[in-house]
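Everything on this sheet refers to the single structure shown next.
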Amino acid sequence: MQAQVEHNAAGSRFEARVDGHLCVADYRLAHGVMQMTHTYVPPPIQGRGIAATLVDAALAHARAQGLRVDPQCSYVRAYMRRHPDTLSLQA
């Protein structure tokens, strides 16, 4: 699934609309660390790789901005374990 991800900086989240559903990856910024706090994809569209696409966009943003990542969300932690190239971002 290739969802169009937007960075909503004012809302501190990455988001995508898929089939009319809002999907999000929330974060907080503190002292150069992006605390990834929550990822949500509504049940009717789960299992299509949308959460992975959101997290990938968030981690790419963190890397481009020189931020460290604190994966407080269990999905983000699992994603980073499955993608060892992202572990260098971990705070």
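Throughout, read-outs are computed from the coordinates displayed, never taken from laboratory work. If you're wondering where the values come from, they're calculated on a predicted model, not measured in any experiment. In this analysis, Cβ positions are derived from the backbone assuming ideal geometry, glycine residues included, and neighbour counts consider all displayed protein chains.
Based solely on its DSSP helices, what 222 nm [θ] is calculated for the chain when runs of n ≥ 4 H residues each add -39,500 (n - 2.57) and the sum is averaged over all residues, nearest 500 deg cm²/dmol?
About -8500 deg cm²/dmol.
Would you work out which of PRO43, THR53, PRO71 lies farthest towards the positive end of the dipole of region 6-89? Charges go on Cβ: Lys and Arg +1, Asp and Glu -1.
PRO71
Count the DSSP beta bridges whose two residues both fall in region 23-69, then state the antiparallel fraction as a percent rounded to the nearest 5.
In region 23-69, approximately 80 percent of DSSP beta bridges are antiparallel ones.
Treating only the Cβ of Lys, Arg, Asp and Glu as charged (+1, +1, -1, -1), what charge dipole size does the chain show about its Cα centre? Round to the nearest 20 debye.
Values: 9 positive and 7 negative charges, 41 e Å.
Dipole of the chain, to the nearest 20 debye: 200 debye.
Taking every pair of alpha-carbon atoms in the chain, give the share separated by more than 24 Å as a whole percent.
The answer is 12 percent, as a whole percent.
Nearest 10 degrees, 0 to 90: what angle lies between the long axis of helix 50-65 and the longest principal axis of the chain (Cα atoms)?
Computed tilt is about 30 degrees.
If contacts are Cα pairs under 8 angstrom and at least 6 residues apart, what is the relative contact order of the chain in percent?
With pairs under 8 Å counted, the relative contact order is 25 percent.
So in the chain, what percent of DSSP beta bridges are antiparallel if you round to the nearest 5?
75 percent
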